[in-house]
Amino acid sequence: MSNEEIKTIISALLPSASFEEGGEWLNIGIEVADWKEAAQKLRNYEAIPFNFLFCLTCVDWKTHFTMVYHLRSTTTLDNIVVKVKLDREKPEILTVSDIWRGAEMFEREVYDLFGVIFLEHPDLRRLLLTDDWVGYPLRKDYEDPINMIKL
Amino acid sequence: MVEEIGKTAEGDLIINVGPQHPATHGVLHLVITLNGETIKKVEPHLGYIHRSIEKMCESLTYRQFIYCTSRMDYLSAHINNHACALTVEKGLGIEIPERAQVIRVLMDELTRIASHELWWGAMAMDLGAFTPFFHAFRERESINDIMEETCGARLTMNYMVPGGVMMDLHPNFQNRVKTFLKLYKQKIHEYDELVTGNIIFQNRMKGVGYLSKEAAISYGVTGPAARGSGVSCDIRKLYPYEIYNQLDFQEILETEGDSFARYMVRLREMNESIKIIEQLIDNIPEGDFQAKTKAVLKLPKGEFYQRVETARGELGVYIVSEGGTTPYRIKFRSPGFSNLSCLDHITRGGKIGDLIASMGTLDLVIPDIDR
């Protein structure tokens, strides 16, 4: 299915979504308040169930964070990218680990490295770094004079 | 971590496996809650080999960052390099010469065989059979020799660069590969005779670590681990890159979903890789091995995602570019990370003795998980 067709379907499914084209896949922008409901709709949409969350990450844009969810449907093989903007001062978003269970580890990683709080997450602890680590390394303003390489 | 050793209020025993344990194949730390011999919960503790490759890559150029990725999944270094090179090429819009594409596919498939060989030997050793390890290394060694001759390295090759491959094939390459194919075909029946048909082995593998199709999709499991549950997820077939759409090979699927199914998928996958190599080894086109690229690469502003099928599953490289010489943000979606997330699900309710069999067939490589 082409990006245009997916766009028509999704704009009917999620009226509040915004779209951004030009990339390889259709980019869908969703407000943080609508995210959980939208995720459920995308997962359970019958014609194209986006049931495979293959990448979940975050990008620090210095003014805000963007959560990036890469979804694909294992039946129709269509891909979409969902982006949710977060406030940098208070980065909070509802977890999707109950919808795609693989998200649990991905979200722990993002919490560990970016400091994004996933509300209602079953087990939100640091994953890769030690429990007493100070700061969130993948943020752009993170400074560590000992462990960081600069070229 | 010390306070986690002991007993819970309900009288369940909590034990640690790893971080230094031969069956975890590296520095994976599992905290297991046990009721008698039954597993109630498995909790992986990661980060013992975390190097923050993603942060490092933000200060390395598009030619440099590829070297870091060989250190992620060190058993399929070629394929990691391949994924990065493809992403950068996608951003730059470079077409690479046909010779380079064929060389890349040949190297990928040799890597896949080498990786599965090591997995086979190591997994048999996890289950207590020591001899298969030597059988596996006998064949793997000849692949490593081929790699060494052409790439100059045996493990972290760094051979695939944006635009093609770093240098041309060694003149001996074709002969060496053909010798290897002959050797492999003479010896492959030993694998079945030694391990697959063994009744003790089968009893320990069948019905152990069951992963349903729905759970595999929900957890994001990919690669042979998911194909053992009947999930069609071979990126070479679904979203072909390079020349995979012109090649004749099958996507191996088993529907049992247990450890034995995952084991059979990998064994049969090696034969498919052999099939691909046979199709290409006499048909390497003449020409350049590298496209002409600028000395300093600058990706246009935008986002680029490329996925490839490594020996363990789907590796995705996500580059966010601001138009500079270094990536603004880079994310590696490593297959091992998602595959590990289902470990608790497949082992819960089983016996502790079966944990190793389940974990062995997920084929975890720890630096790939920790990055």
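The angle separating the long axis of helix B:77-92 from the principal Cα axis of greatest extent in chain B is about 50 degrees.
Calculated mean residue ellipticity, 222 nm, chain A: -6500 deg cm²/dmol, from DSSP H runs (n ≥ 4) at -39500 (n - 2.57) each, averaged per residue and rounded to 500.
Panel note: the C-alpha atoms of segment B:242-371, placed on their principal axes, show extents of 57, 41, 21 Å (largest first). What pairs from B:90/B:298; B:178/B:292; A:140/B:298; A:83/A:140 go past 24 Å between their alpha carbons? From the list (B:90/B:298; B:178/B:292; A:140/B:298; A:83/A:140), the Cα-Cα distance tops 24 Å for B:178/B:292. Out of every Cα-Cα pair that the protein assembly as shown contains, those further apart than 43 angstrom amount to 15 percent. Each residue in A:66, B:222 was given a count of other beta-carbon atoms within 10 angstrom of its own, and listing them fewest first yields A:66, B:222.
As a check on your grasp of the helix formula, calculate [θ] at 222 nm for chain B: sum -39500 (n - 2.57) over DSSP H runs of n ≥ 4, divide by the residue count, round to the nearest 500.
Only helices count here, giving -13500 deg cm²/dmol.
Summing charges over neighbours of residue B:110, with a neighbour being any other residue whose Cβ is under 14 Å away from its Cβ, gives -4 when K and R count +1 and D and E count -1. Among B:158, B:339, B:245, the largest mean-square fluctuation in a Gaussian network model of chain B, built with springs joining Cα atoms closer than 10 Å, belongs to B:245. Where does helix B:259-281 land angle-wise versus the long Cα axis of chain B, in degrees 0 to 90, nearest 10? That helix lies at roughly 20 degrees to the long axis.
Provide B:84, B:68 in ascending order of the number of other Cβ atoms located within 10 Å of each residue's Cβ, fewest first.
In increasing order of surrounding Cβ atoms, one gets B:68, B:84.
Once backbone amide H atoms are built at 1.01 Å from N, residue B:26 has B:21 as its partners under 5 Å, excluding neighbours fewer than 5 places away on the same chain. Take the Cα of residue B:186, step 7 Å toward its Cβ, do the same at residue B:275, and the gap between the two points is 2.5 nm. For segment B:269-371, GluC sites (Glu not before Pro) meeting the loop criterion (DSSP other than H, G, I, E, B) and having at most 10 other Cβ atoms within 10 Å: B:286. Restricting the calculation to Cα atoms, segment A:3-119 shows an Rg/Rh of 0.94 when the hydrodynamic-style radius is the Kirkwood one. In terms of overall dimensions, the C-alpha atoms belonging to segment B:45-189 reach 46, 45, 21 Å along their principal axes, ordered largest to smallest. Spin-label model, residue B:94 to residue A:40: label points 7 Å out along the Cα-to-beta-carbon direction sit 4.8 nm apart.
For residue B:157, the residues whose amide H sits under 5 Å from its own are B:78, ignoring neighbours fewer than 5 places away on the same chain, with H placed 1.01 Å from N. Summing Lys and Arg as +1 and Asp and Glu as -1 over all other residues whose Cβ lies under 15 Å from the Cβ of residue B:368 gives a net charge of +1. Against chain B, whose longest principal axis comes from its Cα atoms, helix B:98-126 is set at around 20 degrees.
Anisotropy class assigned to chain B is oblate, per the alpha carbon gyration tensor with a/c at or over the 1.5 cut-off and a/b no larger than b/c.
Charge tally for residue A:39 (other residues, Cβ to Cβ under 15 Å; Lys, Arg +1; Asp, Glu -1): -1.
Ranking of B:191, A:69 by neighbouring Cβ atoms within 10 Å, starting from the fewest: B:191, A:69. Maximal additional length on extending the residue B:175-residue B:322 stretch stands at 48.4 nm, based on 0.36 nm per residue less the C-alpha distance. Cross-link partners of residue B:185 among lysines, defined as those whose alpha carbon lies under 22 angstrom from its own and excluding same-chain residues fewer than eight positions apart: B:275.
Every number here is computed from the coordinates shown, using simple stated rules; none is lab data. Given the structure is predicted, the values throughout are model-derived calculations rather than measurements. Every residue, glycine among them, receives a Cβ derived from its backbone with ideal geometry; neighbour counts consider all protein chains shown.
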